[in-house]
1. May I ask you to verify whether Ser269 is surrounded by fewer than 16 Cβ atoms within 10 Å (Cβ to Cβ) and farther than 22 Å from Thr8 by Cα?
2. Can you tell me which condition Ser60 does not meet? The list is (1) at pLDDT 95 or above; (2) outside any strand (DSSP E or B); (3) of a type in the set (Ser, Thr, Tyr), and all the others hold.
3. Within the range 16-26, which residues are modelled with pLDDT of 95 or more and surrounded by fewer than 18 Cβ atoms within 10 Å (Cβ to Cβ)?
4. Considering each residue of the range 162-192, count those that are surrounded by 15 or more Cβ atoms within 10 Å (Cβ to Cβ) and farther than 23 Å from Asp128 by Cα, and give that number.
5. Mind listing whichever residues of the range 160-177 are among the aliphatic types (A, V, I, L, M) and over 20 Å from Ala207 (Cα atoms)?
6. Going by what's in this entry, would Asp128 be described as modelled with pLDDT of 95 or more, out of contact with any Cys (no Cβ under 8 Å at 6 or more places or on another chain), over 17 Å from Pro256 (Cα atoms) and outside the structural domain of Ala268 (by TED's automatic domain parsing)?
7. Does Pro158 satisfy being under 30 Å from Thr48 (Cα atoms), not assigned by TED's automatic domain parsing to the domain that holds Glu78 and not polar (S, T, N, Q)?
8. Would the range 120-140 turn up any residue that is surrounded by fewer than 13 Cβ atoms within 10 Å (Cβ to Cβ), of a type in the set (Asp, Glu) and not in a helix (DSSP H, G or I)?
Amino acid sequence: MSYEVTATPPPIPLTIVTRESRLAMWQANHVKRLLEAKGHEVTLLGMTTKGDQILDRSLSKVGGKGLFVKELEVALAEGHAHLAVHSLKDVPMDLPDGFELACVMEREDPRDAWVSSTCATWADLPPDGVIGTSSLRREVLLKDALKRMGRGDVRIEPLRGNLDTRLRKLDEGQYDAIVLAAAGLKRMAMHDRIRAVFDETEMLPAAGQGALGIEIVSGAAPVRAALAHLIDMPTWMRVEAERAVSRTLGGSCSVPLAAHARWIDGAASTLQVTAAWGDVNGRKALVHATASAAIASLEEANALGCEVARQLLNQGAEIHRA
């Protein structure tokens with residue numbers, strides 16, 4: 001895979017299709033400003049996706065995170081837009097035929113955040129406390145941590161909606177605390193809502209969390225060239241390894257899987273991938289795996305992620321069959 005551009009591409013008109021949530025619009029406008037700085041004329045096309053409309057059921061029961069991108073892909077395929085900006089953790093591990101991931105941008109904080117009006121830490125949770133989360137990954141990791149803390153009284157309850165809706169539900173007292181991606185709160189300048197940020201060893205992040213990915217129609221060379229300067233290859237190799245773990249295990253939000261990659265020598269050459277898989281029904285114990293290697297390409301990053309996935313499978317993890 002090569003995304004190098006030897007010459008500065010000429011400015012072209014571009015339309016970005018995006019979800020209409022505040023966070024999604026922030027992300028789209030962020031890309032818009034960066035493209036306009038290179039002389040491109042950029043407009044936004046806002047859409048409401050099926051994932052935004054279904055709020056009474058968990059994503060794993062209604063089709064997965066791909067529900068947030070399907071309508072945007074239709075807009076791309078029909079020529080109404082040239083690119084779609086996604087939170088990469090919401091992008092299916094395998095894109096449909098006719099589409100490609102053309103750009104992964106520099107990553108924001110990939111960690112999870114503890115958000116609460118009344119509980120500064122886990123220790124402050126009241127008896128029979130309630131934590132809200134929309135993620136099977138977080139549910140499994142939270143239950144494991146609470147069990148080790150002797151807090152079997154604490155319940156994990158579903159939490160759906162966009163960022164503002166989730167915070168409103170917390171403020172209304174429906175939950176004692178909620179767990180959200182730190183990146184979204186920071187991008188929306190809501191740093192004050194974060195009571196604590198989980199260390200990766202406490203709450204291993206989701207594959208791609210904190211990174212923005214840009215999707216285009218396959219073969220749209222002028223659009224790909226316009227996006228080339230936004231690519232952050234060290235981030236792309238990290239998330240490629242993470243997504244390879246998830247892809248190997250049938251990656252979807254129906255899989256309680258965490259995968260996180262980091263450069264361990266500070267020079268973006270040796271990549272370490274850590275992953276965890278759990279059974280949401282508690283039939284199997286949480287399993288962990290890690291591996292590291294010198295990485296210089298997306299292909300090598302993918303291979304490292306596949307190796308970590310094999311380690312998980314050898315320990316009892318199961319491949320999700322859609």
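1. So Ser269 fits the description; yes.
2. With respect to (1) at pLDDT 95 or above; (2) outside any strand (DSSP E or B); (3) of a type in the set (Ser, Thr, Tyr), Ser60 is out only on (1).
3. If the condition is that a residue be modelled with pLDDT of 95 or more and surrounded by fewer than 18 Cβ atoms within 10 Å (Cβ to Cβ), then Met25, Trp26 are the ones that fit.
4. Summing the residues that are surrounded by 15 or more Cβ atoms within 10 Å (Cβ to Cβ) and farther than 23 Å from Asp128 by Cα in the range 162-192 gives 11.
5. Leu167, Leu170, Ala177
6. yes
7. Yes.
8. There is at least one residue in the range 120-140 that is surrounded by fewer than 13 Cβ atoms within 10 Å (Cβ to Cβ), of a type in the set (Asp, Glu) and not in a helix (DSSP H, G or I).
The values are calculated or read from the model by the stated rules, or taken from the named source; none is laboratory data. Fair warning: this is a prediction, and the values are worked out from it, not measured in the lab. Every residue, glycine among them, receives a Cβ derived from its backbone with ideal geometry; neighbour counts consider all protein chains shown.
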